[in-house]
Structures are given as C-alpha cells and as structure tokens.
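The values are calculated or read from the model by the stated rules, or taken from the named source; none is laboratory data. Bear in mind the structure is a predicted one, so any value in this text is a computation, not a measurement. In this analysis, Cβ positions are derived from the backbone assuming ideal geometry, glycine residues included, and neighbour counts consider all displayed protein chains. Ligands, DNA and RNA are stripped out before the accessible areas are found, and what is left, the full protein with its side chains, is counted by its heavy atoms. Shrake-Rupley method; radii C 1.70, N 1.55, O 1.52, S 1.80 Å.
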Amino acid sequence: DEPTNHLDVMNVKWVEEYLLGLKDVTCVMVSHDTGLLDRVCNNIIAIENLKLKQFKGNLTQYVEKNPKAKSFFELKSSTGFVMKFPQPGFIEGVKSKGKPLMKMANCTYTYPVNSVPTVKNVTVQVSLASRVACVGPNGVGKSTMIKLLTGEVVPQEGTVWKHPNARVAYVAQHAFH
C-alpha cells in the first residue's frame, strides 16, 4: 500500500528495481505514483461498480483503453469536492511581509537514541513572504528542522523564536498513518 510514500528519489528507484527483480513473486500494490505503476506493473485491476476488472498491460495502456481512469491520477476532484482554507487573518504587530514570524539560530538537536546530532548549528528564518521547501535525502534532518522551528522539539543548543501573535500549524508526515 503506497510503497513509495515518504521516500526520496534514490529509494523510490531502489523499490522499483527491487520489484522488477522479483521473478517468481506476485506483487499487488496501491499507489498514486503513476511512473512507478507504469514501469513496474504488467496487469491492472480496476474496481468498477463493486466488481474487479482485470487488464493486461501497464498503466499507460490501461488509461489509453479507459480514458476515464486518467482522472484517478489528476489533481482535480472527480466528485466535485473542493477543499477550501480560510484566508489567514492579519497578525497584530506584523506590518511587513518581510518581518520574521519564526526563526531559529545556531540550533543543534540530537535525538535521545542517537550519538551524533541530526541537525547541527542550523539557522533559518521565515516571514509572511516565505514559501519554503525543505529538500534532501532521507535522514538529513528536514523534518527535525521543521519540528525545531515549530516547537515540537526543543534544541539542546541555540534559540528558537516565534512571533507571539503567530498561529502555527504542524502536520507530521506520519500524522494520518
């Protein structure tokens, strides 16, 4: 079930090569990773009207024969459901989009089970104008840095500051598992 969720590119490639290397094994998977499904699967099972329909071929071939299936993999709702978030309100004391809302300076954090820090001497600042992506291989400290910045964990060294009127929401990568 979703074998590539939360994996970086190198580990997705490893999963793909591993699955392709299995010769005397049947693998049934659920995934939204269309590239993986297309490269690995040679049969598709579709659920239509509470019945299983089997198709011989990869995902591209299946979608060519069943154009409605393309909507399963698009970023639009087939049911008409639209998720809407309210516009964030004014933050008292913040007059500029460039003014810091959250920052951390020279932060180091070591998980109790580790002997070396997951993050060391990290400094970062975000403002209303920030749109930040944290990228890198698994295990380099991306989630830990966000946990430090949002106050989920406290650094052993360094300082973390949040504007007193800022409202922060944090959804962990495994929150829904």
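Residues are listed down the side, and each one gets a yes or a no for (1) at pLDDT 90 or above; (2) within 20 Å of the chain's Cα centre (by Cα); (3) open to solvent by less than 40 Å² (accessible area, probe 1.4 Å):
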residue: Ser127; (1), (2), (3): no, no, yes
residue: Arg131; (1), (2), (3): no, yes, no
residue: Val135; (1), (2), (3): no, yes, no
residue: Gly139; (1), (2), (3): no, yes, no
residue: Leu149; (1), (2), (3): yes, yes, yes
residue: Glu157; (1), (2), (3): yes, no, no
residue: Pro164; (1), (2), (3): yes, no, no
residue: Arg167; (1), (2), (3): no, no, no
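Scan the stretch 83-95 for residues that are open to solvent by less than 100 Å² (accessible area, probe 1.4 Å) and either of a type in the set (D, E, K, R) or in contact (Cβ under 8 Å) with a residue 12 or more places away in the chain (or both) and jot them down. Within the stretch 83-95, Ile91, Gly93, Val94 meet the criteria. In the stretch 34-41, the condition of being open to solvent by 50 Å² or more (accessible area, probe 1.4 Å), charged (D, E, K, R) and touching a helix residue (DSSP H, G or I) at 6+ places or on another chain (Cβ under 8 Å) is met by at least one residue.
Evaluate the following for Glu17: is it acidic (Asp, Glu), out of contact with any Phe, Trp or Tyr (no Cβ under 7 Å at 6 or more places or on another chain) and closer than 21 Å to Pro3 by Cβ? Yes, satisfied. Considering only residues in the stretch 10-33 that are touching a residue at least 12 places away in the same chain (Cβ under 8 Å) and of a type in the set (S, T, N, Q), the one that is least open to solvent (accessible area, probe 1.4 Å) turns out to be Ser31. For the stretch 107-114, indicate whether the set of residues that are β-branched (Val, Ile, Thr), modelled with pLDDT under 85 and open to solvent by 90 Å² or more (accessible area, probe 1.4 Å) is non-empty. Taking every residue of the stretch 107-114 in turn, none turns out to be β-branched (Val, Ile, Thr), modelled with pLDDT under 85 and open to solvent by 90 Å² or more (accessible area, probe 1.4 Å).
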